[in-house]
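Take a look at the structure set out below.
Rule-based calculations on the coordinates, nothing more; no lab input. Note that the coordinates shown come from a computational prediction; the quantities given were computed from them, not determined experimentally. Every residue, glycine as well, gets a Cβ built from its backbone with ideal geometry; the counts of neighbours run over all protein chains shown.
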Amino acid sequence: MRQPEINEREWNTPGNWHGGWLGIYSSEQDTRLLVPKRRRFMGWTLNLAHPGARFLLGLLLGAAVLALLEGR
C-alpha cells in the first residue's frame, strides 16, 4: 500500500480522532503534518503524532509564555 493510501485510511479511522467537535487528530502512520478536519469545510488540524506538530506546538506555547512574561 502506498503512503497516500495509508494516510487516507488513517484519516478515516475513527479511533484517530479525539475531542468531539474540536477534531483532534493523532496517527503515527499518517505522515502529514496538517490534515483536513473531519468536516473538511471547517479547515485543517495538526496531526499530533507527527514530530513537527510537537515542535510547532512547543514554539507556540513558548511564544505565549514569553508574551505573558513580557507583559508583566
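Of the chymotrypsin sites (Phe, Trp or Tyr not before Pro) found in the range 29-72, none is in coil by DSSP with at most 12 other Cβ atoms within 10 Å of its Cβ. Relative to the dominant Cα principal axis of the chain, helix 51-70 is inclined by about 20°. Less than 5 angstrom separates the built amide H of H50 from those of S27, all sequence-distant by 5 or more or on a different chain.
As a calculated quantity, the FRET efficiency between L59 and E28 at R0 = 22 Å, using C-beta atoms, amounts to about 0.55. Each semi-axis of the equivalent ellipsoid for the chain is √(5λ) with λ an eigenvalue of the Cα gyration tensor; in descending order they amount to 28, 14, 9 Å. Scanning residues 5 or more positions from T45 or on other chains, those with amide H under 5 Å from its amide H are V35, K37, with H placed 1.01 Å from N in the peptide plane.
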